[in-house]
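Just below is one structure, and these are the notes that go with it.
The values are calculated or read from the model by the stated rules, or taken from the named source; none is laboratory data. Please read all numbers here as calculations on a predicted model, not as lab measurements. Glycine also receives a Cβ, built like all others from the backbone with ideal geometry; neighbour counts cover every protein chain displayed.
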Amino acid sequence: MTVNPQQQDHPPTRAILAFLTIVAGTTLGLAGIDLVLPSVPFMPQIFGTTQATAQMVLAAYVAGSTVGLLLFGSLASHFGRRRLFIASLAAFALVSLASALVDDIWALIGLRLLQGAAASGSAVLAPGLIRGLFSELGAVRAIGAMGSIEALVPGLAPIAGAWLHKAYGWQMSFNLTGILCLAICLLVFVVPSLLPHIGRKQGDAPSSYLKVVANPTFLRYGLSHALILGALLTFVFSAPAVIIQTMGGTIEDFILMQFIGVSCFIVSANLAGNLVKRWGAETVITAGTCLSLLGTLLLLGYALFGVNDPMHLSALFWVLNTGLGIRGGAGFVRALTASHGDDERASAIIILATTGIAAVGTALVAPFILMGLTALTIMVVAIIFPAVILILAIKPLEDNGEEQAPVIGQE
């Protein structure tokens, strides 16, 4: 990773340690859903409630995250990123530990709302913090590496959560995340170099979400990223039902497809920095976007003319994952650059757009799920196609340093 040359007080080792600290915080927040997931089916018996009420433990976390994304995106205008990042981790830790102490389901649901809001702070702040540590090429590599680590969470966290629940009870998932987040806060307090003073956003940054969304260059990168990732999530959320109910497959077929897809994403995301160095960010973003569309068209072609064998999905789904991996880091960094320093609002918009697109796409395809792979792939193609239009129709950023240097030394 290449350290930002304008930040001489952030030597490579220090920048990498800061990056690892940031990723640890974001990963714990991301695990807030998946670690708890295996305990939810047991909560009706534990708390003497219904399964529908127990599901609110998950829904409250998602709702809190939505509010938190917008809140932290705005708070970053007034407080230093470092201070806000640590505060969000501390709040997440305290609410997690409090959640393990309750004996009422509605109290737990209320705390989960707060926990989700606190967890979103690290997600919103991390990209801006990383961009402040590294050059643009280094940030592409760092965000690609962070995405690779985060891609493992939905697969590994439920396994860990199931083991924790069986061995120590439902409270342990909350206790573990709380203790680990407090440990990060304590380490940063004792060893401040783990998270340097990276500073606030630039003073000329847009002062509202509307100004960011109204910027067509931001939409070129940010919305296209959200469309591709949202389309991929729509496919993943719907694929188990399609595979089992319409293709005669099993959950193992879905797991194999996911394993190959996530592996290809991780490899391509970590190679993206080298591709950017050789070919330039715009070429890589365009190629990754077109490859993502190609991947969905291959899936649609198979749905229309293939033999409906779920095993074949593993040989096709990786193309979409690879396209996202190639363009993901560069596209996200360019989206932040296009926001003219309003990194946190830009990050919040991209994350909210991604989850919204995935939710709407999954809901729209649900009534047609028994039509099988054809209905699902038509929906995915319809989501990704506008991303290609955005990339081709809107003028890109210049490669001559429109990115502004962060402000160093502000808390």
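Counting only residues that are among the β-branched types (Val, Ile, Thr), surrounded by 23 or more Cβ atoms within 10 Å (Cβ to Cβ) and within 30 Å of Phe79 (Cα to Cα), which one in the stretch 343-402 is nearest to the chain's Cα centre (by Cα)? If we take residues in the stretch 343-402 being among the β-branched types (Val, Ile, Thr), surrounded by 23 or more Cβ atoms within 10 Å (Cβ to Cβ) and within 30 Å of Phe79 (Cα to Cα), then Ile350 is nearest to the chain's Cα centre (by Cα). When you scan the stretch 139-162, do you find a residue that is in contact (Cβ under 8 Å) with a residue 60 or more places away in the chain and touching a Lys or Arg at 6+ places or on another chain (Cβ under 6 Å), even just one? Yes: the stretch 139-162 contains one or more residues that are in contact (Cβ under 8 Å) with a residue 60 or more places away in the chain and touching a Lys or Arg at 6+ places or on another chain (Cβ under 6 Å). Answer with yes or no whether Ala87 is surrounded by fewer than 19 Cβ atoms within 10 Å (Cβ to Cβ), at pLDDT 90 or above and within 22 Å of the chain's Cα centre (by Cα). It is true that Ala87 is surrounded by fewer than 19 Cβ atoms within 10 Å (Cβ to Cβ), at pLDDT 90 or above and within 22 Å of the chain's Cα centre (by Cα). Inside the stretch 219-246, residues that are over 15 Å from the mean Cα position of the chain (by Cα) and either surrounded by 24 or more Cβ atoms within 10 Å (Cβ to Cβ) or more than 20 Å from Val284 (Cα to Cα) (or both) make up a count of 13.
Total residues in the stretch 127-182 satisfying the condition of being part of a helix (DSSP H, G or I) and farther than 30 Å from Ile326 by Cβ: the figure is 20. Once the stretch 208-218 is narrowed to residues that are surrounded by fewer than 17 Cβ atoms within 10 Å (Cβ to Cβ) and under 14 Å from Gly341 (Cβ atoms), the residue that is modelled with the lowest pLDDT is Ser208.
In the stretch 19-52, what residues are among the hydroxyl-bearing types (Ser, Thr, Tyr) and surrounded by 15 or more Cβ atoms within 10 Å (Cβ to Cβ)? Of everything in the stretch 19-52, those that are among the hydroxyl-bearing types (Ser, Thr, Tyr) and surrounded by 15 or more Cβ atoms within 10 Å (Cβ to Cβ) turn out to be Thr21, Thr26, Thr27, Ser39, Thr49.
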